[in-house]
Amino acid sequence: MYALTGGLSNNLVTKTIRAALGDDYLFADYLPTELRNRHELCEYNYAIHQIHFPTDMETLITARKRLVFDEFFLFILSMQYQKEKREKEPNGFSFADDGFVDGLMEKLPYELTGAQKRALDDVLSDMRSKTVMQRLIQGDVGSGKTILAFLAMTDVAHNGYQSAIMAPTEVLARQHYETFQQLCERFGIHIPVVLLTGSMTARQKRRAYEALEVYENAMVIGTHALIEDTVLFSNLGLVVIDEQHRFGVEQRARLWKKNNRPPHILVMTATPIPRTLAMTVYGDLDVSVIDELPPGRKPIQTIHQYDNKRGALYASIRKQIEMGRQIYIVYPLIQESERSDLKNLEDGFKHIQEVFPEFKVCMVHGKMKPAEKDAEMQKFVSGEAHIMVATTVIEVGVNVPNASVMIIENAERFGLSQLHQLRGRVGRGADQSYCILMTSHKLSQETRKRLEIMVRTNDGFEISEADLQLRGPGDMEGTQQSGIAFDLKIANIAKDGQILQLARDIANEILDKDPELSLTENY
């Protein structure tokens, strides 16, 4: 049986709902005589009854509309209420507006895009406002979010506070660590940069803990290790969460509580979020969007190719490597399954070594030990390896500008958002890059549609909207990992967008009139 925990308590927004929704969402005309003109909850309960045992199709449609609205409304009201409470949290930090960040930007070997500058202005303004920052930066793969995080963290250090950035993988954390050290050296600024990951030895971790005690303006780069109880900050002013969908809300909250005063929170994601999804799942954050790529980047050419064209593909790979480029080849499985004819990583690795004996091939997958994985990754980053055979472990954060070709085997097995993330591993240099989607000829109509979208556009936001429509929010990459209680029972974000917007408008109207929900009709 379908059930919701609760429903609309007492007279919550009864008048507002009636005024805004009209007869299409109400049951006055459908209720038995003895229930008419009674409590609003009767209508809600009658909708529950009709969704299971409808009198007719019209009643069923009306019942569903009402339950969809209630589900959206209660979720958004809770999110917006929590957001407004956090927005009242006083800013316990003092930031000087002395042009320090402007000076750093002048030393960059490139100019930030207009979208980057707007997002950075949002962050710096938030950190200088009267309340604590809670901001999400959405930027497509390769749009330049990392430099914004660095500039924000150096501003925090310049003002005498600590900052931390939490990455989803050790590979990405170490990459940030090296990048931040290099940037500090380039800018001639002396800020302690501390690395903290789970695979570090006890001695290395102890040294990191000591650095947090000694340096009040340290920049800390780490993984989940940052939220362990043994990690104590002395002066934490800013927390940056990289790739938001890889961390749960609970993990975010643990970082937020590691200080005697709430630090500013900056969340970054390269997974474009459809507007309707952002309105709900990320409704508690202010949003900045980086919708421009750095100048000089050529659009990645995406090609759908069938297995029987593999000979021509290998000839193209050899030509690219001879030109000095590097190649990614991604497989959906590590080991062969008896019930699956999908290409698998181990067989693929052996096959590629046989086809390209003159080139160095490395392999990376999620089941490898961190040290082993890092060693293989470094072979590719340094240019020692020409081809990397991998699973989707390389989906996030791997930055090798010299890599110009991404080949995705069994591309039909991946969702649009994941294909777009993988494609984003190439196209980071000035050379033309390619993404090859390899499949058999046996494809469903929906799969062909997905691949056609990938070939047609590089726009991550257009792709995310299409992914939402094709797959629904429950299957979208990152939604289930978000850690948010977003288990919709009957509402569908992709199909019920108008009701969602209406529920959001009414929730905001209620909170505008009664921010504490203290009026009799609202509790």
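The table below gives the values:
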read-out: For residue 404: the one exception among (1) of a type in the set (Gly, Ala, Ser); (2) free of Cβ contacts under 8 Å to residues at least 60 places away in the same chain; (3) within 25 Å of residue 297 (Cα to Cα); value: (2)
read-out: Candidate set from segment 355-373 (those that are open to solvent by less than 40 Å² (accessible area, probe 1.4 Å) and within 23 Å of the chain's Cα centre (by Cα)); member that is farthest from residue 326 (Cα to Cα); value: 365
read-out: Strands (runs of 3 or more DSSP E) within segment 114-220 that include 1 or more residues in contact with a strand residue (DSSP E or B) (Cβ under 6 Å, 6 or more places away or on another chain), open to solvent by 10 Å² or more (accessible area, probe 1.4 Å) and polar (S, T, N, Q); value: 134-139
read-out: Residue 439 vs. criteria among the β-branched types (Val, Ile, Thr), farther than 21 Å from residue 459 by Cβ and modelled with pLDDT under 90; value: no
read-out: Sole exception among (1) surrounded by 14 or more Cβ atoms within 10 Å (Cβ to Cβ); (2) over 30 Å from residue 296 (Cα atoms) for residue 105, by number; value: (2)
read-out: Residue 393 vs. criteria surrounded by 24 or more Cβ atoms within 10 Å (Cβ to Cβ) and on the phi < 0 side of the Ramachandran plot; value: no
read-out: Residue within segment 406-426 that is surrounded by fewer than 20 Cβ atoms within 10 Å (Cβ to Cβ), over 30 Å from residue 147 (Cα atoms) and at pLDDT 95 or above present; value: no
read-out: Residue that is modelled with pLDDT of 90 or more and in a helix (DSSP H, G or I), where the choices are 521, 446, 452, 465; value: 452
read-out: Residues satisfying the stated conditions in segment 70-102, i.e. aromatic (Phe, Trp, Tyr), open to solvent by 40 Å² or more (accessible area, probe 1.4 Å) and closer than 26 Å to residue 124 by Cβ; value: 100
read-out: Where residue 111 falls short, out of the listed (1) open to solvent by less than 30 Å² (accessible area, probe 1.4 Å); (2) not in a helix (DSSP H, G or I); value: (1)
read-out: Candidate set from segment 502-517 (those that are open to solvent by less than 80 Å² (accessible area, probe 1.4 Å) and not aliphatic (A, V, I, L, M)); member that is farthest from the chain's Cα centre (by Cα); value: 514
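The values are calculated or read from the model by the stated rules, or taken from the named source; none is laboratory data. Please read all numbers here as calculations on a predicted model, not as lab measurements. Reconstructed Cβ throughout: ideal geometry from the backbone, glycine too, with neighbour counts over all protein chains shown. Ligands, DNA and RNA are excluded from the accessible area calculation, which covers all protein heavy atoms including side chains. Shrake-Rupley method; radii C 1.70, N 1.55, O 1.52, S 1.80 Å.
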